[in-house]
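What follows is one structure encoded as structure tokens, with my remarks underneath.
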Amino acid sequence: MLTRIGKAVDMQGAAVKIKEAVYPNPFESGLEYTPPARGTWNIVHTNMLVPESHQVYICAAGCLRGVVLTAAEMGAMDRFSSILVEEHNLMDGSMENLIIDGVGDILDRLPRRPKVMFIYPACIHRFMGCDMSAVYVQLQRRYPDIGFGECYMDPIMRKSGLTAEARTRWQLYHFLTPQEHDWKSVNIIGNNLPTSEDSELVRLIKDNGFILRDLTLCRTYEEYLEMGKSAVNISYNPQMIYGGQQMEKSLGQKNIYIPLSFDCLEIRNELYQLADFLGVQHLDYSPNMLQCERSLAKAKDVIGDTAIALDYAVTFRPFSLARLLLDHGFNVTRMYVDTIPSEDKADFEYLQQCYPNLMLYATVHAKMRVMDRHTTEPLLAIGQKAAYFTGTRHFVDIAECGGFYGFTGISHMAARMVEAFLEEKDARDYIQIKGWRCRTCR
Amino acid sequence: MIKIAVYGKGGIGKSTTVSNIAAALADRGLRVMQIGCDPKADSTNSLHGQAAIPTILDLIRQKGDAFSLKDMTVKGYKGVVCVEAGGPAPGMGCAGRGIIAALEKLKEKGAYDIYKPDIVMYDVLGDVVCGGFSMPMRKGYADAVFIITSGENMAIHAAANIAMALENFKDRGYARLAGIILNSRNVKHEEEKVLELASDIHSAVIGSLSRSTVVQEAEELHKTVIEAYPASSMAEEYRILAAAIYKEAQKRR
């Protein structure tokens, strides 16, 4: 067992008061730590959403441990293969052929031919300038009945340019073909989890007679392909903005991005924008807004002034959520966020002005591994990372937005906070399980 | 837009030839971009007349991504857009990786869309020593490759290697070999040797350049022959070669 030697580590660089935080990167980038809160989905989970797809990872043997373990935990090893890169592949210029021939070997051994293969080259391919375009052309030529998706297991694409995640989200829908559009059907795209049935978003779609399609609900490849029929794509995951634009170009599907929010007026405006887009009537959302206020007031009555910590993996808009809670009297003291999303900029600036002492903590800063981070005061955590870092036994077990959207999303969150406040649970039992609510491979 | 890559053994006169072709084509009113893919970063010197210009790799090293397309380019003779990929510190780093990074950055910053050149010329070092040096051959970069050689054995050996690389890539939709340029060194049986090479690699000699002191004299002035001695017979040879290259490249567009 490792024993720490030397003095206690201070918080400098890993924590900052919001009033002193710099948008959009409040912390220096450097050596990183990954907390063992595994609920956020990874590249294996997300792409398994495409039915009858198969994933192929290409890298040196040791590098593949994480994705292999994920596939094994999901019980999806029959949809997972790897091609091992060896030193001679770099020297003899055979990297492209290694991939092409390797895919052939995999196909020969699979009991059933997949409809789609997601190919994941790694950073070595980027460093050596492997011509992946030529690889995909060759694969498509050899196996015209299979769709090949360009994916990435490439940490150097994580923070610059168009991120690997944004590219991959788009690739999930890459196999849809242009079809005659059904103007009474729409897609929600870009999420790992389905949007809750009682959300105003889903109700607006279904109650107006539209068919809703969502990759997270597709159980067969045929169902997936039917998403090409929908006339409109709706997204609220910022990582899907690029993909939505590309789908509009390639499939002619109208694209609308309605950012997730925890501000009632903003939610109403987004829903009205969507209603106009779909050509349906505006609803009176006053009762829904009132219900939100009631839910929050009820939660406040129970939780009182107990300190609250929340993390970025809970929602795409952590600062919007913090603002909602603080403005309703909750005692949010800590946020675990590594960057400030552009959608959250106004909320971040508002919090800087109105709640300047709110603490921001990095989750990946190396000091977070060794810093004295647990709190002795009673604390309610929202999110797995917040639970891990604070050491509390009262936490809302949620990641990937939980499928929450709109006014009902706020009410659900308030109810979960009450539940978590009243019931203790051991964080370790929950947060070590990868891919929160991932049902894809059942 | 026509895109060509010129390969050949180090020291064979690629940069001098490419710069003179660039100048000759610019004289004809074409918008020309010349991209030096050599760690020495001196491909375009005789076009812009400066000792050195900022290289893309220097910019990446110094500024990360915080620089613009303008920072990467210098306008030379008659508006020729001059770019130098640059290279790693001598004895360290990877020159091939440098070319990959530089060409990707050029594309990312929209060089081809913004300058809208009629012709782009990649001046590439050596004999395809690694994957990075084959980058300009790839789909999306050059459509046609020209190899410069003399009758010297090492130059012919390098030319054969380059042709072999192109043959290896024929299934990938890469640039195709469009011709051999003989840059004469007045060695014995020079023309026969180069013709034999052309035959062996199923290509043709599309132009030849005489050995002339005018070339060195122009270089001492930091100019191309086209600019410094436009009335010379050497300038005329470059003009004829430029026309031949342009014609061959147009066929393969």
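The values are calculated or read from the model by the stated rules, or taken from the named source; none is laboratory data. What you are looking at is a predicted structure, and each value in this text was computed from that prediction instead of being measured. Cβ: placed from backbone, ideal geometry, glycine included. Neighbour counts: every protein chain shown.
Points worth noting:
- When B:Ala101 is tested against (1) over 30 Å from B:Ala243 (Cβ atoms); (2) within 17 Å of the chain's Cα centre (by Cα), exactly one condition is not met: (2).
- Qualifying residue in the range A:415-435 (condition: part of a strand (DSSP E or B), in contact with a strand residue (DSSP E or B) (Cβ under 7 Å, 6 or more places away or on another chain) and of a type in the set (A, V, I, L, M)): no
- Hey, A:Ser250 outside the structural domain of A:Tyr57 (by TED's automatic domain parsing), at pLDDT 95 or above, under 24 Å from A:Met48 (Cβ atoms) and within 22 Å of the chain's Cα centre (by Cα) or not: no
- From the options B:Arg185, B:Arg176, residue that is in contact with a Leu (Cβ under 8 Å, 6 or more places away or on another chain), modelled with pLDDT under 95 and of a type outside the set (A, V, I, L, M): B:Arg176
- Among residues of the range A:152-166 being assigned to a helix (DSSP H, G or I) and away from chain B (no Cβ under 14 Å), the one that is modelled with the lowest pLDDT is A:Pro155.
- Helices (runs of 4 or more DSSP H) contained in the range B:14-74 and holding at least 1 residues within 20 Å of B:Lys109 (Cβ to Cβ): B:45-48, B:56-63, B:69-72
- Checked against the criteria, A:Asn288 counts as in contact (Cβ under 8 Å) with a residue 24 or more places away in the chain and over 24 Å from the mean Cα position of the chain (by Cα).
- Candidate set from the range B:100-134 (those that are in contact with a helix residue (DSSP H, G or I) (Cβ under 6 Å, 6 or more places away or on another chain) and part of a loop (DSSP other than H, G, I, E, B)); member that is surrounded by the most Cβ atoms within 10 Å (Cβ to Cβ): B:Val128
- Residue within the range B:31-43 that is within 14 Å of chain A (Cβ to nearest Cβ), of a type in the set (A, V, I, L, M), closer than 26 Å to B:Lys251 by Cα and under 18 Å from the mean Cα position of the chain (by Cα) present: no
- The helices (runs of 4 or more DSSP H) falling completely within the range A:42-151 that include 1 or more residues that are modelled with pLDDT of 90 or more, under 26 Å from A:Glu223 (Cβ atoms) and within 14 Å of chain B (Cβ to nearest Cβ) map to A:132-142.
- Within the range A:348-386, restricting attention to residues that are in a helix (DSSP H, G or I), farther than 12 Å from A:Asp311 by Cα and polar (S, T, N, Q), the residue that is nearest to the chain's Cα centre (by Cα) is A:Gln352.
- Residue ID - nearest to B:Arg253 (Cα to Cα), chosen from residues in the range B:168-197 that are in contact (Cβ under 8 Å) with a residue 12 or more places away in the chain and within 14 Å of chain A (Cβ to nearest Cβ): B:Ala175
- All positions within the range A:349-359 that are in contact (Cβ under 8 Å) with a residue 24 or more places away in the chain and surrounded by fewer than 24 Cβ atoms within 10 Å (Cβ to Cβ): A:Glu349, A:Tyr350, A:Gln352, A:Cys354, A:Tyr355, A:Pro356, A:Asn357, A:Leu358, A:Met359
- Applying a threshold of 9 Å to beta carbon distances and a minimum spacing of six or more residues, or different chains, the list of pairs starting in the range B:60-72 at a residue that is within 14 Å of chain A (Cβ to nearest Cβ) and ending at one that is at pLDDT below 90 and not in a helix (DSSP H, G or I) reads B:Gly64/A:Ser160; B:Asp65/A:Ser160; B:Asp65/A:Gly161.
- Residue within the range B:153-165 that is under 16 Å from the mean Cα position of the chain (by Cα), facing another protein chain (nearest Cβ under 10 Å) and hydrophobic (A, V, I, L, M, F, W, C) present: no
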